[in-house]
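One structure below.
The values are calculated or read from the model by the stated rules, or taken from the named source; none is laboratory data. The structure presented is a predicted model; accordingly, all values stated were derived computationally and were not measured. Every residue, glycine as well, gets a Cβ built from its backbone with ideal geometry; the counts of neighbours run over all protein chains shown. These accessible areas exclude ligands, DNA and RNA; they are computed on the full protein's heavy atoms, side chains included. Shrake-Rupley method; radii C 1.70, N 1.55, O 1.52, S 1.80 Å.
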Amino acid sequence: MRKRKNQRISIVLICLIFSMGFNSQLWAQQTLENLNQALRYSRYSRVSPKIIPLKTGERSFLLQMPIEKIEEGIENGIYRFAYAVVSSFQEPLSADKWTELQDVDIRRETDYHFYFEREVTIPLEQEMAFAVLRVTDTRQGDEYYYHTDLISPFIFDFPQFWGYYSDGIPFDQTFLTMTEPLEFRSRGTIGIHHFHYPTVFDVPLPPMEIRPAAVPRELTVNYEGEFLTNIPQSFDQLGYYFLQTDTTSASGMLIRSTHDAFPKVKTYEEMVEMVAYISTRREHESLKEAEDKKQALDLYWFNLTKEEEASRKIIREYFKQIEFANILFTDFKEGWKTDRGMVYTVMGPPNEVVFRLNGEVWSYLPENSNSKITFTFARVKNILTPNYYVLNRSRALQPEWFKSITQWRNAQMAF
């Protein structure tokens, strides 16, 4: 009798597995390579975690982990925090890999951040290392992830200093308003050399344009001198700065210096430049040549729909996308001028985001369609930033790209 009962249970389990489509992903261990990190780029994220490594020894790092509070009025206990260190994108993020961070571990809490620190040492025999931060919203179960390389082919080295806001939280973005001070700290007082690059970058080519982009023939670099750590420092020129303690090394810190309205748009001249993604060449040339940019833009927006309310909707949504692109993707370029920022602005936040050691893949799931639209960004080693990505352009992307532009021009985009 017991044997028959066990057989029946086995049959039920087998049927259940097959009724679920025998989805291998259901049983697969989480890894960096299969995590869907779409919340990282969502317009509705409630928190924004970061990891900023500081090098403290040959293979030792201080993991600075600020979590920005985007949601207001966060109560204690709503979020759970944990971090892990793995040796590859394929290594399982099993339960034993995670170290839970409790409220008592919070090094500093402000109105805008939770802040944790942990020091880690990578074994000599380990060839690569990646730190992962997980923030779990206990209400809906949403999980926010952020990862960074500690040791990998895409990392030159890490600096032994960093910039901090006046409240002691580490500088957790790449852009800084001109004249806004940061205090640079290190273990001991050291001098920091800073270089200013007043470079203006062109708007990137569209995804279906496979010819090589133009490369600036000259790159102006101005040495701005040396300043000491532990003294507030500001940057008073537009462009980007690269900071180093040793000018013969490849390690340093990048800061994009911006106007006081950034990441929002400030001038009508900026607006004219930014509408390049959804304009015809003739429309854009006409806007650039107009003497009264405001008047020309008002007419441009109205002509798209012939309705004032629809025009206001396009303006509101389009520049909200620009703002998010600037927040998420600014490096030495403004975020909206990067390849990821361009795709984000036109296509909206991706439904799926997966990372590889050498790239990043975005997928969009159109309504009433079983197929995905995929954009692949190749990771390029760059001395200024470990997170420099270039879109793999293809003519196959043209139909969906033009479809999205048409939706923008008809005020039909919704995120």
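Averaging the inverse of every distinct alpha carbon separation and then flipping it gives the Kirkwood radius. What is it for the stretch 78-235, in angstrom units? List each step's numbers first, then the result.
Numbers: mean 1/r = 0.0510 Å⁻¹.
By the Kirkwood definition, the hydrodynamic radius is 19.6 Å.
Kindly sort 360, 334, 125 by accessible area of their heavy atoms, largest first, with the probe set to 1.4 Å. Could the numbers behind the result be given before it?
Details: 360 0, 334 40, 125 150 Å².
Largest accessible area first, the residues go 125, 334, 360.
Would you look at the GNM of the chain, springs on alpha carbons closer than 10 Å, and say which of 399, 170, 153 moves the most?
Comparing 399, 170, 153 in a Gaussian network model of the chain, the most mobile one is 399.
Which one of 302, 195, 161 has the biggest mean-square fluctuation once the chain is modelled by GNM with Cα springs under 10 Å?
In the Gaussian network model the winner is 302.
First select every other residue whose beta carbon is under 15 angstrom from the beta carbon of residue 95; then total the charges, Lys and Arg +1, Asp and Glu -1.
-1
In Å³ and rounded to a whole number, note down the convex hull volume per residue for the Cα atoms of the stretch 35-109. List each step's numbers first, then the result.
Numbers: hull volume 10.0 nm³, N = 75.
Dividing the Cα hull volume of the stretch 35-109 by its residues yields 133 Å³.
Give the whole-number value, in cubic angstrom per residue, of the convex hull volume spanned by the C-alpha atoms of the stretch 284-359. Can you show the working numbers first?
Details: hull volume 9.1 nm³, N = 76.
Spelled out: Cα convex hull of the stretch 284-359, divided by residues, is 120 Å³.
Answer with one residue from 179, 120, 371: the one whose Cα lies farthest towards the positive end of the charge dipole of the chain, charges on Cβ with Lys, Arg +1 and Asp, Glu -1.
371
How large is Rg over Rh for the stretch 215-275, taking Rg from the Cα atoms and Rh as the Kirkwood inverse mean of 1/r across Cα pairs? Before the final figure, lay out each step's value.
Numbers: Rg = 15.2 Å, Rh = 14.5 Å.
Answer for the stretch 215-275: 1.04.
Kindly state, as a whole number, the per residue volume in cubic angstrom of the convex hull around the alpha carbon atoms of the stretch 288-412.
On the way: hull volume 17.1 nm³, N = 125.
For the stretch 288-412, the hull spanned by Cα atoms encloses 137 Å³ per residue.
Between residue 258 and residues 5 or more places away or on another chain, which pairs have amide H atoms under 5 Å apart, with H built 1.01 Å from N, and which residues are they?
176, 177, 178
Tally up the carbon and sulfur contribution to the accessible surface of the stretch 352-415 as a whole percent, 1.4 Å probe, everything protein left in place. Don't skip to the answer; put the middle values down first.
Details: 1620 of 3440 Å².
Using a 1.4 Å probe with all protein chains present, the stretch 352-415 comes out at 47 percent carbon and sulfur.
With springs connecting C-alpha atoms under 10 Å apart, model the chain as a Gaussian network and identify which of 91, 33, 307 has the largest mean-square fluctuation.
Of the options given, 307 has the highest mean-square fluctuation.
Ordered by residue, what ³J(HN,Hα) values in Hz, to whole numbers, does the stretch 132-140 give under the Karplus form 6.51 cos²θ - 1.76 cosθ + 1.60, where θ = phi - 60° and Gly and Pro are x?
10, 10, 10, 10, 10, 7, 5, 6, 10
For the chain, report the translational diffusion coefficient in µm²/s to the nearest whole number, using Stokes-Einstein at 20 °C, 1.002 mPa s, and a Kirkwood Rh over Cα pairs.
D, rounded to a whole number, is 90 µm²/s.
Keeping every protein chain present and rolling a 1.4 Å probe, give me the accessible area per residue for the chain in Å².
On the way: 22140 Å² over 415 residues.
Computed with neighbouring chains in place, this is 53 Å² per residue.
So what is the relative contact order of the chain, in percent, for Cα pairs below 8 Å that sit 6 or more residues apart? Intermediate values should be presented prior to the final figure.
Working: 738 pairs, mean separation 60.3, N = 415.
Reported relative contact order: 15 percent.
May I ask you to list the lysines whose Cα is less than 22 Å away from that of residue 403, ignoring any residue fewer than eight positions away on the same chain?
306, 313, 320, 337, 372
Which aspartates and glutamates have a Cα less than 15 Å from the Cα of residue 266, not counting those fewer than 8 places away in the same chain?
The reachable aspartates and glutamates, counting only those whose Cα sits under 15 Å from residue 266, are 323, 334.
I need the peptides 145-152, 403-410 ranked by packing, meaning the mean over residues of other C-beta atoms within 10 angstrom, with the highest value on top.
145-152, 403-410
How would 56, 247, 345 rank on accessible area, largest to smallest, probe 1.4 Å? Spell out each step's value before the answer.
Working: 56 50, 247 75, 345 0 Å².
Descending order: 247, 56, 345.
Which net charge results when you count Lys and Arg as +1 and Asp and Glu as -1 among the other residues whose beta-carbon is under 9 Å from that of residue 164? Could you put the intermediate results ahead of the total?
Values: positive: 185; negative: 167, 183.
Local charge sum for residue 164: -1.
Just the Cα atoms of the stretch 160-216, one point each, no solvent: what log10 I(q)/I(0) does Debye give at q = 0.22, 0.31 Å⁻¹?
So the normalised log intensities are -0.96, -1.39.
Rounded to the nearest percent, how much of the accessible area of the stretch 156-299 (1.4 Å probe, protein heavy atoms only) is carbon and sulfur?
On the way: 3930 of 7900 Å².
Exposed carbon and sulfur together represent 50 percent of the surface.
For residue 233, which sequence-distant residues (separation of 5 or more, or a different chain) have an amide H within less than 5 Å of its own amide H, given hydrogens modelled in the peptide plane?
HN-HN under 5 Å from residue 233: 182, 183, 184.
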